[in-house]
1. Kindly list the number of the only condition in (1) touching a Lys or Arg at 6+ places or on another chain (Cβ under 7 Å); (2) within 14 Å of chain A (Cβ to nearest Cβ); (3) crowded, with 21+ Cβ neighbours inside 10 Å that fails for residue B:182.
2. Somewhere in segment C:108-125, is a residue charged (D, E, K, R) and away from every other protein chain (no Cβ under 14 Å)?
3. How many residues does segment A:63-121 contain that are within 11 Å of chain B (Cβ to nearest Cβ), farther than 21 Å from residue B:185 by Cα and part of a helix (DSSP H, G or I)?
4. Looking at residue C:27 and the list (1) more than 20 Å from the chain's Cα centre (by Cα); (2) touching a residue at least 40 places away in the same chain (Cβ under 8 Å); (3) more than 14 Å from chain B (Cβ to nearest Cβ), which single condition is not satisfied?
5. All but one of (1) at pLDDT 90 or above; (2) surrounded by 16 or more Cβ atoms within 10 Å (Cβ to Cβ) hold for residue B:303, so report the exception by its number.
6. Only one residue in B:279, B:265 is touching a helix residue (DSSP H, G or I) at 6+ places or on another chain (Cβ under 8 Å) and modelled with pLDDT under 85. Which one?
7. Tell me the residue from A:134, A:165, A:149 that is touching a residue at least 12 places away in the same chain (Cβ under 8 Å) and either in a strand (DSSP E or B) or surrounded by 18 or more Cβ atoms within 10 Å (Cβ to Cβ) (or both), please.
8. Would you mind stating whether residue B:152 is within 19 Å of the chain's Cα centre (by Cα) and either modelled with pLDDT under 90 or not aromatic (Phe, Trp, Tyr) (or both)?
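The values are calculated or read from the model by the stated rules, or taken from the named source; none is laboratory data. All values derive from a computational prediction rather than experimental measurement. Virtual Cβ from ideal backbone geometry, glycine too; neighbours counted across all protein chains shown.
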Amino acid sequence: MMILSTRGLSKSFDGLQAVTKVDFDLPKGEVRALIGPNGAGKTTLVGMICGRIEPTSGHVQFDGEDITRLPAHARIMRGMAYTFQITSVFARLPVTENVALAARRRLSGDAIDRAVADALARVGLSNEAHEDAGNLSYGHQRLLEIAMGLAQSPRLLILDEPTQGLSEGEIADFKTLVRELAGDTTILLIEHNMDVVMETADRVSVLNFGEILAEGTPTEIRENAAVQAAYLGTG
Amino acid sequence: MTASSRVIVLHLGLLALLFGLQFILPAYHHGNLARIMVLASYAVGYNILFGYTGLLSLGHALFFAAGMYGMGLTIQHMGFTPAPALIVGIVAGAFVAGALALLALRTVGVSFMIVTLMFAQAGYLTVLYFGEYTRGDEGFVIQQAQRVLWGVDLSNATNRYFAAWGLFSVSFGLSLWLVRSSFGRTLIAIRENEERVRMLGYDTYKHKLTAMIISGTISAAAGAFYGLLFGYAGASFASVQYSIFPLLWVLLGGAGTVLGPFVGTLFMFYLIDLSSGITSAYLLIAGLALVLLTLFAPQGLIGEIRRRFWKNLP
Amino acid sequence: MEFGPHLLLATLEGAVTAAVLALTAVGLSLVFGVMRVVNIAHGEFYMLGAVIAWYVAHMMGGHPALGFFLALVLAPLLVGAIAVLADVIILKRVDYDPERTIVATIGLLYIIQQLTLMTYGPEARPVEAPFNSRIALPWFEWGENGFQFYYPWGLSTTSYKLAVIGAAGVVLLGVWAMMTRTKVGLLMRATQADRDMALAFGIPVERVYALVFGIGAALAALGAVLIVPIQQAHYLMGADPLLLAFIVVIIGGLGSLPGTVLAALFIGLSDGIISVFFSPTLAKILATLLVGLVLVWRPQGLFGTRTA
């Protein structure tokens, strides 16, 4: 059962083809990594999936329904969550309020407080709960992004380069977190750090020049000559 | 006492203080305070859109005037009594705010400011254009006999103070409740980072639309009460100055604080009142205040208190 | 008067409006284009130009041309200097933030306007034109004797009005030459194209901003000096030019000199013509709605989007 499928999804900016006819399938419960060189169109593809970018052509299906015409907020309400590549927390609001905003969309009353505390505990930010988000270190702000994603308890969690700027220790914790979530939550992980990809992903899709170049298990991808030429060899 | 109940006590305390003041104030200040409370209600409405939602409107005079003329014209030309006339004014304001929101919310930032400015200006000119009914700049007086609400003569100073206090209490209380509700918290988040709010699953457009209608409706209520309590409706209340005033009051008191609009209105009113002994060009004071606030105190008075002493003040 | 001559008269009046409007609007457009800020006080710089022209002419005495031509030089210089001062004291300090700049320039508007009221007073005062001979204009008709010219009563203009049109044309050419042919113009265009890049190349962006703000205000003042023999100087005269200049900049496209001039011609002429045939208030209502609607329907157009 696919939770997410795209068919012929394309986007061009002023005639420049960023993503070309991508057919992408993500089964429920899988942790999928999306990799590719800079400018391969990863963020554009994900942007079309969660509704931030309108596709030039093609379709997006979520849980068996065509959501191509839905605005972003309606897609989120159906169980997607997206964490921003460029840290985009509410800097002047407390950490708890940041997470509560995410939780409040589906919960009410005391359940909100519990969900907030739970999400913060899972990313290890419980001690920072009452700080203003802007006072957190960069790495902690990245973790807060992830906590906001968790508090939505999504069926599909899209993480856009979550480990960028994290320390070694934080990356190790992140890997543990993803493995805990795996099974309940489908995860689409855009990631540059190949160690993280190899250790967390069930399968890997490689995007190059806006097209899916290869798909397979981490081991298959590592040994794929075309991928090496396009990406690993140069990266 | 918890932080939350301290906040409630502080805000209810202001209302109680204002209620009590009517028994001890000399007539001159008694009259001033009635006026200030109505104008502060206008500022409270403005603050919901500007302070909490982050949308800087330069056209709120349109809503204030919609309330004032919705009330005034129905009394003057259709023989309405005050109660239905007030309702017409408030509904007119809500309607105008909704219509302008549908247009203006297609824009952001500077465009939003200019669009609201232009439509409000068109509204002002429309008041002048229909001078036959509105009497244009000269305006029209609402006679004492027309200002009796349920047997209460609103031209009487005591009754007027009480009505102004009632209006202010309702808008002030509504504002306090709103910004502590989850809807209000979402508005604040929209002010901070709209795109992020959208990607948390909120329909930010609907939130902004609702905020603008609430803001416009409170402004219209203030306009309707102002006309009724002080017995006059004139085109100057629709002019760009009356769009700038609530901005000035809210900036001075502290945008995005519940107390700010009242504090700002109070200070500005007495600043102009005191300076009128020196110069009749009171707009000079307003201009200087705008420039100085922008340069040196963008947080305003209450905003500064919140920053230094009371972090959880709503 | 018949329709034809009436229309010609309206067109001529409109051309004078258009000429002055072009100067004012180019000033506003330059500021918006290069600095990316909206100057709400632009109309007050215009008003200051007119008021200073009255002071200069009033103090000079002698032949009216003497005072007028001195004002033509002094008023733009003084107003430009005031604008530079405002830029350094206010705009620079709010870091040219678009929204705070609008609020601050609204404040500036009231300050300039009220200080003028307190010193110059509420009267409208004329400045005598340096020359002002009446020129009757011919009209034609198909009469009994075929095609013939005649001079309808009331159809005339003055040499001064024609000179205003000419002078505005010369100044606009000068601005164009400055922008395209001089080093200062190059610096302005570089700053307009990409502020950060300009900074990286060592262009003194802050000084360019101050200069542009000064030139923008000076152009408005110059327009006002030209119009003041026709319209009189008054402390509230800045509001209409501000609105019209806004319309022109929004329709003409920002920073585009030819676009702004063309739009000024269009608006100036239609304003003149509409005001002759319709109520001026109605014309203004339509104009403000037009600006609002243009901005609504092309929200990404001129003012760009605010980054959250």
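1. Every listed condition holds for residue B:182 apart from (3).
2. Taking segment C:108-125 and keeping what is charged (D, E, K, R), we get C:123, C:125.
With the extra rule that they be away from every other protein chain (no Cβ under 14 Å), the set shrinks to C:123, C:125.
Yes, segment C:108-125 contains a residue that is charged (D, E, K, R) and away from every other protein chain (no Cβ under 14 Å).
3. Matching residues across segment A:63-121 total 1.
4. Residue C:27 satisfies all of (1) more than 20 Å from the chain's Cα centre (by Cα); (2) touching a residue at least 40 places away in the same chain (Cβ under 8 Å); (3) more than 14 Å from chain B (Cβ to nearest Cβ) except (1).
5. (1)
6. Details: B:265 fails: modelled with pLDDT under 85.
Only one candidate qualifies: B:279.
7. Numbers: A:134 fails: either in a strand (DSSP E or B) or surrounded by 18 or more Cβ atoms within 10 Å (Cβ to Cβ) (or both); A:165 fails: either in a strand (DSSP E or B) or surrounded by 18 or more Cβ atoms within 10 Å (Cβ to Cβ) (or both).
Being touching a residue at least 12 places away in the same chain (Cβ under 8 Å) and either in a strand (DSSP E or B) or surrounded by 18 or more Cβ atoms within 10 Å (Cβ to Cβ) (or both) holds for just one of A:134, A:165, A:149, which is A:149.
8. no
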